[in-house]
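We did not get these values from a lab; they are worked out from the coordinates using the rules stated. Keep in mind it's a predicted model, so treat the numbers as computed, not measured. Methodologically, a virtual Cβ is constructed for each residue, glycine included, from the backbone with ideal geometry; neighbour enumeration extends over all protein chains shown.
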Amino acid sequence: MSEPGKRSAWARPPVLKPERDNSWMDEGRCAEEAAINPAVADWFFPVRGEASNVDEAKALCNGWADGSVTPCPVRSECLEYAIVHIEKYGVWGGKTERERRRIRVQRAEERLRGKAGS
């Protein structure tokens, strides 16, 4: 056992995440809609096991299939933020946590293939 206040040699160092300008968050369609209808925030962060409006959240991000609503203007920034910061909950950039995890895995595999081919 280690002494209080001392770090073990095996302890992981803290993960440092890049600082970013998050002002884009104010430009999101979700922020606009939540200002009108506070229940919209629940669409993006549903409670596990309860009925959810994830499809509505994704439609708000990605635009409506009929084209009557265009995609959110900051959708790509939102998605990238969630991927970089490993957001574990909610819909970000039109993707669920499971969909974002697939993107992270795909990017990691692409980096490994790139290193192997070097």
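Summary table
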read-out: Rg/Rg_ref, region 23-116, where Rg_ref = 2.2 N^0.38 Å and atoms are Cα; value: 1.17
read-out: Efficiency of FRET from Cβ geometry, Gln106 and Asn37, R₀ 35 Å, rounded to 0.05; value: 0.50
read-out: In Hz, Karplus ³J(HN,Hα) per residue of region 52-68 (6.51, -1.76, 1.60; θ = phi - 60°; x = Gly, Pro); value: 10, 10, 4, 4, 5, 4, 5, 5, 5, 6, 8, x, 8, 4, 7, x, 6
read-out: Proxy reagent accessibility, fewest Cβ within 10 Å first, across Thr70, Thr96; value: Thr70, Thr96
read-out: Using θ = phi - 60° and Karplus 6.51 cos²θ - 1.76 cosθ + 1.60, couplings along region 35-49 (whole Hz; Gly, Pro as x); value: 5, 7, 9, x, 5, 4, 4, 5, 4, 7, 9, x, 7, 4, x
read-out: Relative contact order, percent, region 23-116 [alpha-carbon distance under 8 Å, six or more residues apart]; value: 23 percent
